[in-house]
Every structure is written in structure tokens, then in C-alpha cells.
Amino acid sequence: MRRIALLPALLLTGVCHAGLFTDDEAQRKISELQQSNTQQQTRLDERFSGLENTQRAQGLEMLSQMDALKAEISKMRGQLEVQAHDIETIQKRQRDLYVDVDTRLRQLESAAAAVPPPPPVADNQPRSGKDKKLSAKPVVAAAAVPASTPAQTAEADPAQEVKTYDAAFNLFRGGNYQGALAAFQAFNQAYPKSPLAPSAHYWIGNSYFNLKDFKSAIASQQELISLYPKSPKVPDALLNISSSQQGMGDMGSARKTLEDLLARFPLSDAADKAKYRLENMK
């Protein structure tokens, strides 16, 4: 009976111990869950931080690329403006050239038309011996007139002169700079006193420039300036000299030539281009 009475007490003690064990296990599980949550939160924070850094770096890179792209677009826009200005200048030069050629041709034709006709041949049947002696002299003088030389014949044909010049210029315009160089040199030899000679000298220098022979280009343009100091081609010759100096890498001389151009010919078309180039050299 005594053993039976102790049984409920033993059972109650076991239940209490079981309850205490369950609470410890629950606390351990809760602790583990908290640690796991903390670790997951840490990993998430690290991932978010990494993504944020990556996005920030990508954003900075995109901004840098956009800035570079803007700079490239600005540079291309400047180059397009320069090319548009060059094309406009070339077109104006061509118009001025053909107007000048037409004007010179008309002047030469007018000069040829204004030459007085030769005196009439004396009558070979004078009325007296005295008249016979006087009339014989003009006949001999007329017979003694020399024939025209080739150079005189060329100068007396303004149409051929202009045709020769146009043929040389068409070679240059077509990109055949070597052929244009030879053609303009031949023109100057055939027509040394032509009003188109300064322009021929200029295109000789320009042909050398396009052939990358900058020293010869400078020498040709300096010859133009020396031979024809009052020619309207002098400002363009100075501009071509500056371009040749720049092509040789001599930026100081190129700048000085442009400044000289502006000082001597401030109202010329070449001066506008010189101003633009000086601004881009800064």
C-alpha cells in the first residue's frame, strides 16, 4: 500500500522534469532560429550592399560614358562645322574664279578687237618718179614684218588661254593633284603674263599641299606673294602657308602666319577662316 501511495508522486515528478526539458528545447530552437534569422539578415544586407555598390559603379560608368559621348558629339559637330565652312569657302572660290575668268576673257577679247588694222599697202603704180620712190618704202617695210612667235600666238588667243587654265583646274577638282600640278606649271610657262597666272601659282601650291609636299607648297605660295603682292589670291596663299606649316607640325609658325593674314587682310574671306582656326588652336 505504501508503494502504491508513492506512485502518484513519482509520476508528478516525471511530468515536471518532462516539462522542464521541453522548455529548454524550445528556447534552444528559438535561439537557433534567431541566429539563423540574424545570419540571413546579414547575408541579405551584404547582398543589397553589393548590389548597391555595383549599381553605383555602373551608374558612374554610364555617366562617364555619357560625358565621353557628349564630348565626341561636340567634337564631331565642330568638325562638321569646319567642313561645312570649308565647302562653302571652296564653292565661293569656284564662283569667284569663273567670274574672274569670264571677266578676263571679255577684257582680252575687247583688247583684241581694239587693235587697229595694219596700214594699207602702198599703190604700186605711182603717177611720178618721186611718188614711186615714196611708195616703195612702205612696201619693203611691210615685207620685213617678222612672223608671229608661238608665245605671241598663244597670247593672242584668249579663248585657248582660258581653255588651258580650265583643263588644269578640272584636274585639280577631280583629285588628280599630280596632273594639275604639271598642267598649271605648263600654263605659267605658256602664259607668263596672263592675268590668271597668280591663280595658277596658287593652285600649284595647293596641289603640293594635297600631295603632302608641304615645303614645296610653302615655297610656291611665297613665290605668288613675291611676284603678285597685290593679287586677291595673296590672303588665300597665306592661309595655305599656315595649313602647310601646321601639316609640318610647326604650330607656332602657323599661328604667326594666321595673325599676319588677319593684320594685312582683315576684310578678306580668308580672314574669317583664319579667325576660326586661331580660336581652335587655343
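Go through the stretch 211-237 and give me each residue that's assigned to a helix (DSSP H, G or I), under 21 Å from PRO266 (Cα atoms) and free of Cβ contacts under 8 Å to residues at least 24 places away in the same chain. Within the stretch 211-237, GLN221, GLN222, ILE225, SER226 meet the criteria. In the condition set (1) part of a loop (DSSP other than H, G, I, E, B); (2) at pLDDT below 90; (3) surrounded by 15 or more Cβ atoms within 10 Å (Cβ to Cβ), SER194 is compliant with all but (2). Scanning the stretch 163-188 for residues that are part of a helix (DSSP H, G or I) and of a type in the set (Gly, Ala, Ser) turns up ALA167, ALA168, GLY179, ALA180, ALA182, ALA183, ALA186.
The values are calculated or read from the model by the stated rules, or taken from the named source; none is laboratory data. The structure presented is a predicted model; accordingly, all values stated were derived computationally and were not measured. A quick note on method: Cβ atoms are made from the backbone with ideal geometry, for glycine too, and the neighbour counts reach across all protein chains shown.
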